[in-house]
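First the structure, in the form of structure tokens, and then the observations on it.
What follows is calculated from the coordinates using simple rules that are stated; it is not laboratory data. Computed from a predicted structure; not experimentally measured. Please note: Cβ atoms are built from the backbone with ideal geometry, for glycine as well, and neighbour counts cover all protein chains shown.
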Amino acid sequence: MKLSTKGRYAVMAMADLAARRSDRPVPLAAIAANQNISQEYLEQLFARLRRAGLVESVRGPGGGYRLSRDPEDIFIIDIIRAADEPLQVTRCADGDGVMGCQNGAACITHELWSALSRQICNFLSHITLGDVIERRNLALAAEVRRAEALTPRHALSDPCGEPAREKEEA
């Protein structure tokens with residue numbers, strides 16, 4: 001599976017920030033020390049998280065970052081997407097397509113890995129930051145959300161790809 005440190009560290013840092021349960025901004029140095037992640041690396045990640053609307057920054061003395069909304073309203077897939085991290089299991093250059101798979105055609109195991117990739121993305125699109133910091137049973141939390149039809153904000157999009165485009169009516 002292709003999930004580099006970028007996506008993993010973004011989730012770890014956001015969980016650290018959420019677990020502090022503070023309205024006051026948290027300096028990146030504190031998160032870096034607590035998670036054993038380079039502060040410079042976190043600065044790059046938090047710039048992306050801020051642009052995605054997941055965190056707010058406060059400048060000056062006592063500055064830092066805070067969540068832009070409740071941890072129950074931030075889905076893990078949103079954090080990974082904000083970090084520009086593709087989630088795919090196939091070796092295909094175009095994710096779920098077949099480019100780079102096997103001479104432009106799907107290999108014999110393509111559908112297996114493609115389906116697994118979709119399952120992972122579906123799971124992460126139903127897990128919130130709140131679920132993680134509260135140490136809930138994540139499989140159960142995801143299943144309950146699916147069963148209750150409580151879909152994430154981006155329900156009209158492919159959770160691992162680009163937002164779905166609305167079809168134009170003719």
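Here is how the numbers come out for the structure above:
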quantity	calculated
For peptides 75-82, 4-11, sequence by mean Cβ density within 10 Å, most packed first	75-82, 4-11
Rough spin-label spacing in nm, given labels placed 7 Å along Cα→Cβ, for R8 and C107	2.2
